[in-house]
Amino acid sequence: MIIDLWLMLPGGQSPCRVRALGKAAVIALAGVGSLTAFTSTVSAQPQIYTLGVVVTDRVDSAVLPAHMRSQHPVLVRHLDRDVRSAIAAVGRLHTRRLPPLPEGEHSDPAAQSVDFIVRVALNKAHKVYTNEILYSTRGGLSEDAVLRAQDGGSPREVISLPSLTAEVEVRLVDPHRDHILWSATRENTIVVPHDKRLFIYNAWKYPGSSDPGVVGAFLADILRLQQTSRWVDRALGVSDRWFISRPGDDLQAIRDLLRELALSFGTDIDDNLPLEGRIQAMVTGAESEVEILLNIGEQHGLVPRLRLDLWPPRHAQRKVGQIEVVSVDSTTAVARLRKLDRKLKNSGEDLHGYRVISRKRTSGR
């Protein structure tokens with residue numbers, strides 16, 4: 001915090017203002033008749049970036065079960081909302097929804113209205129099957145498997161469990177320089193809740209062994225998955241039983257899975273955004289060491305030991321030095337000078353108003 005001290009001088013002279021840095025300011029005046037101090041805080045203006053969010057759907061809906069295909073557009077809208085919620089939760093960023101670019105176009109006029117763009121691609125939101133081996137000592141085997149084991153057959157059974165897999169790719173882009181600041185792809189697969197008593201025997205190994213009602217209700221979707229996915233085809237081909245999940249469970253599980261992936265990107269996006277502030281004051285502290293007060297603090301992403309490059313107040317082509325953060329509070333910070341251009345150092349120029357910039361908020365952590 002910057003403290004402004006107004007000194008009431010004797011003889012009707014105009015008050016004199018002395019700028020100091022919090023508790024580091026110790027002012028000793030000799031021969032001054034009276035001293036009256038009024039404090040005022042020089043507030044740090046939060047640096048608010050506006051991020052445009054673009055969600056592109058790359059999922060081939062033809063490979064989805066009918067109930068997932070019909071709800072897929074809703075899922076994409078929820079993903080857009082979840083990504084923007086994750087960014088907004090950081091507390092220092094605004095978001096704006098941008099439409100995907102039409103096929104064949106590369107430049108987006110709307111991009112000029114935002115500081116950065118978050119490009120989200122939904123690569124997968126599929127239903128699949130994953131296999132698990134049940135051994136006779138564990139229980140849970142079907143009656144047929146138990147009989148096979150008692151007759152000297154295999155003491156195990158392979159079951160296929162209904163699962164959902166999702167993959168989301170995110171890129172943080174500076175549209176003004178056509179530069180990718182950060183990118184990541186995250187994927188996850190989960191087993192959908194299912195009734196352990198509801199299954200179909202492998203239709204190729206044990207034809208006619210399953211309940212006709214279950215076969216009529218679920219087999220068509222399973223066979224469609226088998227035909228469109230090699231992964232599913234291999235899993236189902238070697239298993240003995242195919243377990244069933246209900247449509248409502250599928251939709252809720254994929255929704256939860258995508259929400260979890262979207263929320264995981266919020267902090268990473270914030271960490272990889274540039275951070276910019278200004279020098280508010282320079283104060284000589286203990287042992288004649290110069291302390292630099294910045295107009296940004298913890299709420300803007302500043303942390304101790306973070307190093308920021310020093311730039312002139314107006315736009316320039318090169319940096320002139322580097323500082324390192326020593327301590328932070330919510331809206332201000334104290335730093336020390338690590339490097340300074342020789343000409344600037346020799347001239348003794350006041351650095352008040354100089355810009356301090358870090359390419360990432362995570363630098364120096």
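Things worth noting here:
- In terms of packing, defined here as the mean over residues of other Cβ atoms within 10 angstrom, the peptides 120-130, 242-252, 70-80, 180-190 line up highest first as 120-130, 242-252, 70-80, 180-190.
- Exposure proxy ranking, count of Cβ atoms within 10 Å, fewest first, for Glu132, Glu324: Glu132, Glu324
- Note on Leu101/Arg305: beta-carbon distance plugged into 1/(1 + (r/R0)^6) with R0 of 56 Å gives a FRET efficiency of 0.90.
- In summary, the aspartates and glutamates within cross-link reach of Lys360, defined as a Cα separation below 16 angstrom excluding same-chain residues under 8 places away, comprise Asp115, Asp174, Asp268, Asp270, Asp271, Glu276, Glu298, Asp309, Glu324.
- Length gained on full extension, Val290 to Arg197, computed as 0.36 nm times the residue gap minus the Cα-Cα distance: 26.1 nm.
- Using the Cβ-Cβ distance between Arg69 and Asp350 with R0 set to 56 Å, the FRET efficiency from 1/(1 + (r/R0)^6) comes to roughly 0.30.
- Difference of contour (0.36 nm per residue) and Cα-Cα distance, Glu276 to Lys343: 21.7 nm
Each value in this text was obtained by applying a stated rule to the coordinates, not by laboratory testing. Given the structure is predicted, the values throughout are model-derived calculations rather than measurements. Positions of Cβ are generated from backbone atoms using ideal geometry, with glycine treated the same way; all protein chains shown enter the neighbour counts.
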